[in-house]
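I have placed the structure first, in the form of structure tokens, so that the comments after it can refer back to it.
What follows draws every value from the coordinates through simple rules; no lab data is involved. Just so it is clear, the model here is predicted, and its values are computed rather than measured. Note: ideal-geometry Cβ built from the backbone for every residue, glycine included; neighbour counts use all protein chains shown.
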Amino acid sequence: MLIIGGSASQKLGALIAKELDETLCPLESRKFPDGERYIRITGEIDSEAVVIQSTGYPQDQNLMELFFIIKTLKSLDLETIKVVIPYFGYGRQEKRFKSGEAISAQIIAEMLEAAGASEIISINLHEDGLCDLFNITAHNLSAMPLLAKYIGEKFEDPVIVAPDKGALGFAREIAGILSCEHDYMEKTRISPEKVETKPKNLDVEEREAVIIDDIISTGGTIVNASRILRKHGASKIAVSCVHPVLVEDALLKIFSTGVDEVIATDTLQSDVSTISVAPLIANFIKKG
Ligand code: R5P
């Protein structure tokens, strides 16, 4: 099995290869002086390949590299090309919110298929329905049990808080695993950079609160949630997410509201990626 880690998932690719007891295939990937991408696969060609590449920030560059890898493997006559996209960029544009908008997630799904992907494996897609955009098999794995395990080891009887209704399912899942309480807040998105969160009575006084979300992008959602928890007297506030997109100074903004810890997975490599999804992905591939 040929395991290829793209530029956006180098360490994760290596960890998955190790879990699978395979060697990571060398990939030459660089930019020409004008910014165009060059890739070359120098490993020994097999009949099956697993390509690992998150398509987050900078999305377009990582996507282009991924298309080049898949298409090149296809031209080398590989029978099966499993594409692992730990963080699926453009996943929040899965429908047309205003007339004339590109349904970006659908276009990317079509392009992955056209390039030659035979199966897609992703983690906590922003919408479960994203799997239906593909005509090939697409799997949406959940990293929530991994986050729950970490939270269970580090916090005593925490309250799990969803910063909006969309994250309520995650809070419920984690609280269910840990047999602890959960709650949620109501958020309205005003613009990509601005969110408003309704004040709400939360029973967190002198308690440890852990906010859970799928993605932290600008950090606006978490900043609001953290301020509300602080106001309600939480003794400790931690933030956990699967995908640490962390645009610009998002972490700084979050920590400056008094957050004690930010916990994330390595679907995107970041300073707070303390939990690896490598075993989750490798075990799924092994079952395969
Ligand atoms: C929204 O639906 C997502 O679950 C996240 O809450 C959102 O993407 C976070 O964005 P930001 O960090 O920019 O507030």
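Look at the alpha carbon pairs under 8 Å that are at least 6 residues apart: their mean separation over the length of the chain gives a relative contact order of 14 percent. Normalised radius of gyration (Cα atoms, divided by 2.2 N^0.38 Å) for region 1-102: 1.16. For region 144-266, the dipole from Cβ point charges (+1 on Lys and Arg, -1 on Asp and Glu) about the Cα centre works out to 380 debye, to the nearest 20. Dipole magnitude for the chain: computed about the Cα centre from +1 point charges on Lys and Arg Cβ and -1 point charges on Asp and Glu Cβ, it is near 560 debye.
For region 233-288, the Cα-based Rg and Dmax, in that order, read 14.1, 47 Å. Using the alpha-carbon atoms, what tilt in degrees (0 to 90, nearest 10) does helix 278-287 show relative to the longest principal axis of the chain? Once rounded, the angle reads 50 degrees.
Ordered from longest to shortest, the equivalent ellipsoid semi-axes for region 88-201 are 31, 21, 9 Å, each the square root of 5 times a Cα gyration tensor eigenvalue. Going by alpha carbons, how many degrees (0 to 90, nearest 10) lie between the helix axis of 10-19 and the longest principal axis of the chain? That helix lies at roughly 80 degrees to the long axis. Estimated from helical segments only, the mean residue ellipticity of the chain at 222 nm is -9500 deg cm²/dmol, where each DSSP H run of four or more residues counts as -39500 (n - 2.57). Mean sequence separation of contacting Cα pairs (under 8 Å, at least six apart), scaled by the length of region 160-288, corresponds to a relative contact order of 19 percent. Three principal axis extents describe the C-alpha atoms of region 144-266; from largest down they are 36, 33, 24 Å. With the Cα gyration tensor of the chain giving a ≥ b ≥ c as the square roots of its eigenvalues, does the rule (a/c under 1.5 for rounded; else a/b larger than b/c for prolate; else oblate) give rounded, prolate or oblate? Note, shape of the chain comes out prolate. Taking only Cα atoms, what is the 0 to 90° angle, nearest 10, from helix 104-115's long axis to the longest principal axis of the chain? It works out to around 30 degrees.
Since only Ile263, Gln59, Ser75 are under comparison, the one whose Cα sits farthest along the positive direction of the charge dipole of the chain, derived from C-beta charges on Lys, Arg, Asp and Glu, is Gln59. The base-10 log of I(q)/I(0) for region 138-194, evaluated at q = 0.13 Å⁻¹, reads -0.39 [Debye formula, identical scatterers on Cα atoms, solvent excluded]. Considering only Ala234, Pro192, Cys25, the residue lying farthest towards the positive end of the dipole of the chain is Pro192, judged by Cα position with unit charges set on Cβ.
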